[in-house]
Amino acid sequence: MAGVRGGYDRWALVYDHDANPLPALEEPLVRAAVGEVAGRAVLDLGCGTGRHAVWLAAAGARVTAVDFSEGMLDEARRKAGAAAVRFLAHDLHRPLPFADAEFDLVVSALVLEHLCDLGAFFAEARRVLRPGGRGVVSAMHPAMFLRGSQARFTDPESGQLVQPGSLPHTLGDMVMAAVRSGFTMQAIHELVPDEAFAARYPRALRYVGWPMLVVFAMSAAP
């Protein structure tokens, strides 16, 4: 996993523009699962280029967003509306630098495959949530690893195919890590692209009818 940070620093330059089907498939459901956020304190864990943090702030949330890639954070800070977000550099393998029960909502997108200890991640997410707070977490579906797929991109300068580093956690690993950390599962959405989606995002064509993403909607147990 040592190359994950460096890989994402390189990916930052093209992340929002390389026609990756995963964010496009994920974002509508994440937005629906998040719901109304005006006036809420929201933490975005592994915010990347700020694709969720910026719209959350525009919707009236008080957003704190963390990522360990300075390249990704640089791109996030350049976006319109980014001035309303508090961005912090932080490695999610380490305890979060926030107080207990500081947030109403935790969002994390496409991060789990890059984490060694899912239990520690979910425990920290639960710790910083107030009782009754909510979590919305998306991840590449474990079924993708059965097709030899993981996070990867083509470096725009060298043309090299780069795989930052991924771990094949099972769906059970993810669910049980969350439940054991004090989350209650409200919904588990497994997202499968159809032909209409693949027509817009050709890289999804080989996965039509195959689970590409999972989104967990959770609440923090009192």
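So which residues in the stretch 32-53 are at pLDDT 95 or above and farther than 21 Å from Pro97 by Cα, if there are any at all? Result: Ala32, Ala33, Val34, Gly35, Glu36, Val37, Ala38, Gly39. Among the conditions (1) outside any helix (DSSP H, G or I); (2) at pLDDT 95 or above, Ala196 misses just one, which is (1). Of note, Pro164 satisfies the criterion of being part of a loop (DSSP other than H, G, I, E, B), surrounded by 21 or more Cβ atoms within 10 Å (Cβ to Cβ), within 19 Å of the chain's Cα centre (by Cα) and at pLDDT below 95. Of the residues making up the stretch 43-76, those that are of a type in the set (Gly, Ala, Ser) and not in a helix (DSSP H, G or I) number 8. Assess whether Glu36 counts as being of a type in the set (Asp, Glu), out of contact with any His (no Cβ under 7 Å at 6 or more places or on another chain) and outside any helix (DSSP H, G or I). Yes: the conditions hold for Glu36.
Taken over the stretch 185-202, the criterion of being open to solvent by less than 60 Å² (accessible area, probe 1.4 Å), within 10 Å of Leu25 (Cα to Cα) and within 18 Å of the chain's Cα centre (by Cα) is satisfied by Leu191 alone. Scanning the stretch 77-98 finds one or more residues that are buried (at least 18 other Cβ atoms within 10 Å of the Cβ) and assigned to a helix (DSSP H, G or I). The set of residues in the stretch 111-134 being in contact with a strand residue (DSSP E or B) (Cβ under 8 Å, 6 or more places away or on another chain), open to solvent by 20 Å² or more (accessible area, probe 1.4 Å) and more than 14 Å from Leu43 (Cα to Cα) consists of Pro131, Gly132. Under the condition of being modelled with pLDDT under 95, surrounded by 15 or more Cβ atoms within 10 Å (Cβ to Cβ) and of a type in the set (D, E, K, R), the residues counted in the stretch 58-76 number 2. Looking only at residues in the stretch 101-153 that are assigned to a loop (DSSP other than H, G, I, E, B) and acidic (Asp, Glu), the one that is nearest to His52 (Cα to Cα) is Glu102.
Scanning for something modelled with pLDDT of 95 or more, of a type in the set (Gly, Ala, Ser) and in contact with a Ser or Thr (Cβ under 6 Å, 6 or more places away or on another chain), does the stretch 211-221 turn up at least one residue? Yes, the stretch 211-221 contains at least one residue that is modelled with pLDDT of 95 or more, of a type in the set (Gly, Ala, Ser) and in contact with a Ser or Thr (Cβ under 6 Å, 6 or more places away or on another chain).
The values are calculated or read from the model by the stated rules, or taken from the named source; none is laboratory data. Nothing here was measured: the structure is a model prediction, and the numbers come from that model. Because the Cβ atoms are built from the backbone with ideal geometry, glycine has one as well, and the counts that use them run over all protein chains shown. The accessibility values were calculated without ligands, DNA or RNA, using every heavy atom of the protein model including side chains. Shrake-Rupley method; radii C 1.70, N 1.55, O 1.52, S 1.80 Å.
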